[in-house]
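**Q** Below: one structure in structure tokens.
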Amino acid sequence: MKVKGLLVLQIFWTFFKISPVTFGGGFAMVPLIIKEIVEKRKWLTNDEFTDVIALSQTVPGAVAVNSATFIGHRIGGIRGAVAAMIGVSLPAFFIVISFGIFYFNIQDNQKLEAAFTSITVSIVAIIVFAAIKVAKTAIYDKTTFFIMIAGVPLLFFIHPIIVIFLGAITGIIVTSFGRKLNHCIELNNNKEEDLTTNPDYFMGSGI
Amino acid sequence: MVLWNLFQTFFIMGFVSFGGGYAMIPIIEAAVTKYGWMSTEQFTDMIAIAGMSPGPIAANSAILIGYTTAGLSGAIVSAVAILLPSLFLVITAASFFIKLHHNPVVERMFYGLKPIVTSLIIFAALKFALANNLITFQVSFRYISTVIIFGLSLFALLKLQWNPVYVIILSGLVGITLYS
């Protein structure tokens, strides 16, 4: 597939513009992607866009980055994918680095220290909030509840990456017994609709 | 050496980065402890800054940790390391037209994976609370104010559906008023 340089630049610029609005969650990007990519540039149809979001959540990584990369790939092949990924990441990179530099320069400031004392507490609340949001889609029967409960103490002793693999293996083993899988797929299907029509649903956790 | 450790850590993390950035905190924390990149307090602050910035929490944390340990080159290496797996996996999935979300094996995997992601996030919250002495029973002004800040933050997020960024900003202002 021959891709024009102009298209690659367009892809880059489109995601570069959208990226800074992903404050507080990748799903904040969804309405803007619909406006820019589906409505204005007509690079994707609405149905294709739904597929993009579903796939972006299944593949490991941030939803914002994954969906940008996937859309870029659809429009402009591998070069398009790379352009979209760099476009969506660059503004975030510069902003987070500026915050970092700012933090290091006034690190010993008493006021900043006081601010962070309180912010740390709020971060714990945000993480608890993220756990609640994820639990709503993850925990729907006794088995999933048990896996969640068993996972927490395990993490104190085993490396998290190994625990993640154990979780995936457990999922495959457990679903080979009984009819849990049907149930699981049914639930997933319901949720897909939720996510595309209500992007806020995953706010703060889908990032 | 530091750059290689950063790359390795975040590259591997990129492949298992399910369920949003906060689930990745335990992995990042394990690496920070292993290599002694920074103090717990600094790590906590990094996560806070990552949460305040646009962009994915996991990538932001990676960039900040890279910057702290090895300057701008550390930040770039960490960013590239965490992005490469996404690029590779998305292109693979897209090129082969794999409908991952209706794939039975993937569905079965996620049946166990999603609860584990929840455990990871709960664990991250627990670790954070423990590391910053939020779980104590000494009744003091500090402790009571902490409980109130926690409760109000959670209320704002759950009931008022505030953007987490606003919660962080407001909380910072409250901190300046109360603790300085």
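**Q** Do any of A:Lys4/A:Lys35; A:Lys133/B:Lys127; A:Lys111/B:Lys127; A:Lys4/B:Lys114; B:Lys34/B:Lys114 go past 30 Å between their Cα atoms, and which?
**A** A:Lys4/B:Lys114
**Q** For the pair A and B, how large is the buried accessible area, both sides, in square angstrom to the nearest 100, if the probe is 1.4 Å?
**A** Counting protein atoms only, the buried area is about 8600 Å².
**Q** Now, a different point. Taking the alpha-carbon centroid of each part, what is the distance from the range B:109-153 to the range A:34-83 in angstrom?
**A** Taking the Cα centre of the range A:34-83 as reference, the centre of the range B:109-153 is 35 Å away.
**Q** While we're looking at this one, here's another question. So what is the 222 nm mean residue ellipticity for the protein assembly as shown from helices alone, if each DSSP H run of at least 4 adds -39500 (n - 2.57) and you divide by all residues, rounding to the nearest 500 deg cm²/dmol?
**A** It comes out at -25500 deg cm²/dmol, rounded to the nearest 500.
**Q** Near the amide H of B:Phe18, under 5 Å away, which other amide H atoms are found, from residues 5 or more places off or on another chain, if H is placed in the peptide plane?
**A** A:Gly61
**Q** Would you mind classifying the protein assembly as shown by shape? Square roots of the alpha carbon gyration tensor eigenvalues, ordered a ≥ b ≥ c; an a/c under 1.5 is rounded, otherwise it is prolate if a/b is larger than b/c and oblate if not.
**A** oblate
**Q** Ordered by residue, what ³J(HN,Hα) values in Hz, to whole numbers, does the range B:57-70 give under the Karplus form 6.51 cos²θ - 1.76 cosθ + 1.60, where θ = phi - 60° and Gly and Pro are x?
**A** 4, 4, 5, 4, 4, 4, 4, 5, 5, x, 5, 5, 8, 9
**Q** Taking only protein heavy atoms into account and a 1.4 Å probe, give the accessible area per residue of the protein assembly as shown in Å².
**A** 44
**Q** Would you work out what percent of the accessible area of the range A:1-123, with all protein chains in place, is carbon or sulfur (probe 1.4 Å)?
**A** Result for the range A:1-123: 63 percent of the exposed heavy-atom area is carbon or sulfur.
**Q** In addition: Could you pull out every residue, at least 5 positions away or on a different chain, whose amide H is within less than 5 Å of the one on A:Tyr140? Hs are placed 1.01 Å off N in the peptide plane, and Pro or chain starts have none.
**A** Long-range HN contacts for A:Tyr140: A:Phe145.
**Q** Using the Karplus curve 6.51 cos²θ - 1.76 cosθ + 1.60 with θ = phi - 60°, what ³J(HN,Hα) values do you get for each residue of the range B:157-171, in whole Hz, with x for Gly and Pro?
**A** Along the range B:157-171, the couplings run 6, 7, 8, 8, 6, 6, 5, x, 4, 5, 4, 5, 4, 5, 4 Hz.
**Q** Suppose each label sits 7 Å from its Cα in the direction of the beta carbon; what would the B:Gln8-A:Gln107 distance come out to in nanometres?
**A** Going by the 7 Å Cα→Cβ label model, 2.5 nm.
**Q** Starting from the Cα of A:Asp47, step 7 Å along the direction of its Cβ; do the same at B:Asn133; then give the gap between the two resulting points in nm.
**A** 6.1
**Q** Each residue of the range B:41-49 in order: what ³J(HN,Hα) in whole Hz does its phi give by Karplus 6.51 cos²θ - 1.76 cosθ + 1.60, θ = phi - 60°, with x for Gly and Pro?
**A** Once rounded to whole Hz, the list reads 5, 5, 4, 4, 4, 4, 5, 4, 5.
**Q** On to the next question. In the full protein assembly as shown, how much of A:Trp13 is accessible to a 1.4 Å probe, in Å² to the nearest 10?
**A** 130
**Q** For the range B:2-97, just list the percent of Cα-Cα distances falling in each 10 Å bin from zero outward, please.
**A** 17, 53, 24, 6, 1
The values are calculated or read from the model by the stated rules, or taken from the named source; none is laboratory data. All of these numbers come straight from a predicted model, not from anything done at the bench. Glycine gets a Cβ as well: all are built from the backbone with ideal geometry, and neighbour counts include every protein chain shown. Areas reflect the complete protein model, heavy atoms only, side chains present, ligands, DNA and RNA absent. Shrake-Rupley method; radii C 1.70, N 1.55, O 1.52, S 1.80 Å.
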